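A.B. asks: One structure follows; several queries about it will come next.
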Amino acid sequence: MVIDGAAYVVAVIGNVAVIPQVIKAWSGPAPGLAVLTWILFIGFGVVWLLYAVAHKQKPLIFAQIVGISCNTAVVLGWLVHNSL
């Protein structure tokens, strides 16, 4: 279906917006980065991923895997360059 294809495109493009935060987190100390928010985004993404898997919604599964990966990259970058 066309809508499924569009969902995959949006899954990627929607998460491209996170790339500046990934770069900021990996470039050095990022004291203004709200790491708790990004951890919550990961948790919310996991819940949506479980929902998508339970309902066999492939575009949503793909979107959540991409989103969780991007959000995790932000958190990991922050952890590498900042102390808790």
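A.B. asks: Say each of residue 26 and residue 76 gets a label point 7 Å from the Cα, pointing the same way as Cα to Cβ; how far apart are those two points in nm?
C.D. replies: Each label point is offset 7 Å from its Cα along the Cβ direction, giving 0.9 nm.
A.B. asks: Using only the alpha-carbon atoms, how far is helix 35-54 inclined from the longest principal axis of the chain? Give it as 0 to 90 degrees, nearest 10.
C.D. replies: Value to nearest ten degrees: 20.
A.B. asks: Any idea how far the Cα center of region 1-17 sits from the one of region 32-76, in Å?
C.D. replies: Cα centroid of region 1-17 versus Cα centroid of region 32-76: 15 Å apart.
A.B. asks: Using square roots of five times the C-alpha gyration tensor eigenvalues, list the equivalent-ellipsoid semi-axes of the chain in whole Å, biggest first.
C.D. replies: Each semi-axis is √(5λ); the values are 27, 14, 7 Å.
A.B. asks: Still on this model: Describe numerically, in nm with one decimal, the distance between label points set 7 Å from Cα along Cα→Cβ at residue 69 and at residue 17.
C.D. replies: Between residue 69 and residue 17, the simple spin-label model gives 2.0 nm.
Rule-based calculations on the coordinates, nothing more; no lab input. Values in this document were obtained by computation on a predicted structure and should not be read as measured data. Here the Cβ is made from the backbone with ideal geometry for all residues, glycine too, and neighbour counts use every protein chain on show.
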